[in-house]
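Since the structure comes first, as structure tokens, the remarks are kept for the end.
The values are calculated or read from the model by the stated rules, or taken from the named source; none is laboratory data. Keep in mind it's a predicted model, so treat the numbers as computed, not measured. Positions of Cβ are generated from backbone atoms using ideal geometry, with glycine treated the same way; all protein chains shown enter the neighbour counts.
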Amino acid sequence: MATLKELSTREFNISSGHRACAGCAFPMIIKQALMAADNPVVVGCATGCMEVCTTIYPYTAWKVPFIHNAFENSAATVSGVEAAYQSLRRKGKIDKKIDFIAFGGDGGTYDIGFQSLSGAMERGHDMLYICYDNQAYMNTGIQRSSATPRGANTTTSPAGKESFGKKQYRKDLTEVMVAHGIPFVAQASPAMWSDLMSKVNRALAVEGPAFMNVIQPCVLGWKYDSSQSVALAKLAVDTCYWPLYEVVEGKYKLSYKPKEKVPVREFLQKQDRFRHLFTPKNEHIIDEIQAEIDRKWEALLAKCGE
Amino acid sequence: MSIRVAKTGNEAVAEAMRQMRPDVVAAYPITPQTEIVQIFSGFVADGLVDTEMVTVESEHSAMSATVGAAAAGARAMTATSANGLALMWEIVYIAASMRLPIVMPVVNRALSGPINIHCDHSDTMGARDSGWIQIFSENAQEAYDNTLQALRIAENPNVLLPAMVTMDGFIISHAMEVMEILEDEKVREWVGEYVPENPLLDVDNPVTIGPLDLYDWNMEHKRQQAEAMVQSKAVILKVAEDYAKLTGRRYGLFEEYMLEDAEVAVVVLGSTAGTAKVVVNELRKQGVKAGLLKLRVFRPFPAEEIAAALKHVKAIAVMDRSDSFNAISGPVFAEVRSAMYGVQSAPAIVDYIYGIGGRDVTPEHIRKVYDDLANIAARGKADRILTYLGVRE
Amino acid sequence: MSVPKNAGWRDVPKAGRILEPGSAAEYETGGWRTYRPQHIPENCIHCLFCWLYCPDMSVIARDGKFGEINYKSCKGCGVCAQVCPGKRGQKALVMVLDEAAAATAEESCAEPKAQTK
């Protein structure tokens, strides 16, 4: 992987002037992912913050070919683009090597676009799907998704007298994608840029489908100061709330082991979506969340042979 | 020299697709369209066509992948029926708004519920305002011919709209008939090389497709789309003219059958036109001035041309193979009557909703319609606008 | 921007396609800002974390070093200052109240001079 000094001579394939909130972390993911590609990239994106904020007509922040079709079909749409590429290349109408990236938020990936994603991965298209997981339907105003963690206050799982927020634990989509038996699956965080870029680079080099789940702190939905996006993306990793690992050709590998596992309480405390948990009535939920993180972390270590 | 073959509608359309050699086909099976996907998959498996076949997990993804492929710069096709079309719905509209010249055979089947697999037109009639060109076929020959023509229409630079070619489920799709197909070479020449506009795969000229288009410019883009549909009418006629030179088979926006001097006329789409022609022949022998207008192109709707063709008739019956549930009439009636509004001493017009869920329509049914029309013509008025034909009272 | 404001429907590219890559750069988001990052060169080790993490592509790198901040697009989120390691505990980027932004905000919050009756 190149150093930042070397990378800084390249032009970003995403421009300023997009309308994402100040401090939003998804532009960091786009920056890093596009910078990691060796070949020209064609991007598809599900409806959501990323698409809405970057392509308000007549402006586009994208400097690579970009298509938005609908909410639930980023994977299917890019699978069609990739099929066109395979066909036209076979017929000698295109000779360049081109890579394909489909983006989707957690709503467009875990929920409404899940079937489309599963189908595209099963069919074996040579493409990388990147989920920018901000853990709720942020674009419509913070509604719970199956990626929303237990205890989070959202507008459709509000904390109240009889509620501590979302009852259910997150769906573990990364493991679901591992179960698809595709050649490359990984989790990443924009705070760990070198790891993220290395994964994107290798995911694109793989022949066949690749999936990456990338955590994306959301200023508005997680409710924290706009300067803290990178810090939270790092804390998610250091608490083992969002472990960095990869499963290449079925083989698990831990990408990063925190020197000292930080209690999840510190991650939760910094986000007002969990504020209601820090009350005598709800404190036990934090313990439960910690226990679940510990259980999953141990299971992951075992899978990685750590 | 054309080749005479015996084929079902599905076989004929699959054959047309093989000869057109689309770059990408993304499709999902649904009765009664399934055979098209199966037969075409066989062509791919045997190397008879070099298409990239994307066997998607749903019709929603079929249309999504077809849109992706077309936007990438490929010639892309899919095919469906009924609930499959309904599942595609959202992306059907997007394909039209993106101005992607996708050709999609639709094998007409009743839209659920109750679930049913047989023919009516509720599926494609529901999509009549989606911005797709819609061409109806009377038989397998027409389904084949219309598929070949649809591609030239859709890809015309003045049009660039997607096109549906329909045929009646089972009645056409599964019935074998003798028909003519073109030699592969001739079809290759007919479809020519496709030059896409602003393809995604032109990585040296990056385009953004499908942006958020708010009140600032949305209306201008929709106005362009509406204009493309207006322009398509002339293109459809020009393509039909070229096709006649190639095959000797002539097509228009609709077919006029014994209409010139007709006093009573039926307006019909699809396979029922064949049944109705038999009845018209019988009635003519009996001295009844019966005629028929078979609508081929439903979108764009040829309103002025229909009004000109029907203005001399005394009474008209529109045959609707689907209901609008608008408490007035079926969808075709609404369009035809609207077209006739403003015609000097316009003929009486009534509507017959028939053949729902595959309910058989026989020459007796059609004869009854003409009998009713004779009555209406004699009295100069109709007692009611809408009759359900062939329903148990 | 490839689409002039006074263009009619016949004049604009089909289907809302945007043919000018990265045209959003013309759209200035600097007006969103309340605080602005201020660069203190003597504390800068040119690690480029600010350049890497800025969500608005507003930190310009030159010759592998910190170059400048594009205040036309900087939204003032403070990420650059947060990730800045600085030198000996002294940050090379600090957030300060943007006087121009504060003045604009004050103006827009002030009582209207004349009221329509």
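Assuming A:Ala186 fulfils every condition listed in (1) touching a residue at least 40 places away in the same chain (Cβ under 8 Å); (2) at positive phi apart from one, which condition is it?
(2)
Residues checked against (1) of a type in the set (A, V, I, L, M, F, W, C); (2) at the interface with chain A (Cβ under 9 Å from one of its Cβ atoms):
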site	(1), (2)
C:Val3	yes, yes
C:Gly22	no, yes
C:Arg33	no, yes
C:Ile45	yes, no
C:Phe49	yes, yes
C:Asp56	no, yes
C:Val83	yes, yes
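Identify, by number, the condition in (1) at the interface with chain A (Cβ under 9 Å from one of its Cβ atoms); (2) part of a loop (DSSP other than H, G, I, E, B) that C:Ala7 doesn't meet.
For C:Ala7, the exception is condition (1).
On the basis of being away from chain B (no Cβ under 14 Å), more than 14 Å from the chain's Cα centre (by Cα) and either closer than 27 Å to A:Gln86 by Cα or at pLDDT below 95 (or both), does A:Phe184 make the cut?
Yes.
Kindly provide the set of residues from the stretch A:22-59 that are under 22 Å from the mean Cα position of the chain (by Cα), facing chain C (nearest Cβ under 8 Å) and not in a helix (DSSP H, G or I), ordered by number.
Residues satisfying the conditions are A:Ala22, A:Gly23, A:Cys24, A:Ala25, A:Thr55.
Need a quick list: strands (runs of 3 or more DSSP E) entirely within the stretch C:21-117 having at least 2 residues that are within 30 Å of A:Pro65 (Cα to Cα) and either modelled with pLDDT of 95 or more or in contact with a Gly (Cβ under 6 Å, 6 or more places away or on another chain) (or both).
C:59-62, C:65-69
For the structure I just gave you, tell me whether A:Asp95 is of a type in the set (D, E, K, R) and either within 14 Å of another protein chain (Cβ to nearest Cβ) or on the phi > 0 side of the Ramachandran plot (or both).
Answer is yes for this residue.
Give the residues of the stretch A:86-108 that are in a helix (DSSP H, G or I) and more than 16 Å from B:Ser64 (Cβ to Cβ), sorted by residue number.
Correct list: A:Gln86, A:Ser87, A:Leu88, A:Arg89, A:Arg90, A:Asp106, A:Gly107.
For the stretch C:58-81: of the residues being over 11 Å from the mean Cα position of the chain (by Cα) and closer than 18 Å to A:Ile29 by Cβ, which is nearest to the other protein chains (Cβ to nearest Cβ)?
Only one residue fits best here, namely C:Val79.
Yes/no matrix, rows are residues, columns are (1) in the same structural domain as B:Phe170 (by TED's automatic domain parsing); (2) buried (at least 23 other Cβ atoms within 10 Å of the Cβ); (3) in contact with a Gly (Cβ under 7 Å, 6 or more places away or on another chain); (4) free of Cβ contacts under 8 Å to residues at least 24 places away in the same chain:
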{"site": "B:Ala315", "(1), (2), (3), (4)": "no, yes, no, no"}
{"site": "B:Asp323", "(1), (2), (3), (4)": "no, no, yes, no"}
{"site": "B:Ala327", "(1), (2), (3), (4)": "no, no, no, yes"}
{"site": "B:Tyr354", "(1), (2), (3), (4)": "no, yes, yes, no"}
{"site": "B:Arg359", "(1), (2), (3), (4)": "no, no, yes, no"}
{"site": "B:Leu373", "(1), (2), (3), (4)": "no, yes, no, no"}
{"site": "B:Ala378", "(1), (2), (3), (4)": "no, no, no, yes"}
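Pick out the one residue from B:Met63, B:Met77, B:Met53 that is modelled with pLDDT of 95 or more and more than 10 Å from every other protein chain (Cβ to nearest Cβ).
Unique residue meeting the criteria: B:Met77.
Take the conditions assigned to a loop (DSSP other than H, G, I, E, B), assigned by TED's automatic domain parsing to the domain that holds B:Ala14 and in contact with a helix residue (DSSP H, G or I) (Cβ under 9 Å, 6 or more places away or on another chain) and apply them to B:Thr66. Does it pass?
Answer is no for this residue.
So which strands (runs of 3 or more DSSP E) are wholly in the stretch B:94-187 and hold at least 1 residues that are surrounded by fewer than 22 Cβ atoms within 10 Å (Cβ to Cβ)?
B:177-181
With the condition being of a type in the set (Ser, Thr, Tyr) and surrounded by fewer than 19 Cβ atoms within 10 Å (Cβ to Cβ), I'd like the helices (runs of 4 or more DSSP H) fully within the stretch A:147-263 carrying at least 2 qualifying residues.
Answer list for the stretch A:147-263: A:193-205.
State whether one or more residues within the stretch A:276-299 are touching a helix residue (DSSP H, G or I) at 6+ places or on another chain (Cβ under 9 Å), on the phi > 0 side of the Ramachandran plot and at pLDDT 95 or above.
Looking through the stretch A:276-299, none of the residues is touching a helix residue (DSSP H, G or I) at 6+ places or on another chain (Cβ under 9 Å), on the phi > 0 side of the Ramachandran plot and at pLDDT 95 or above.
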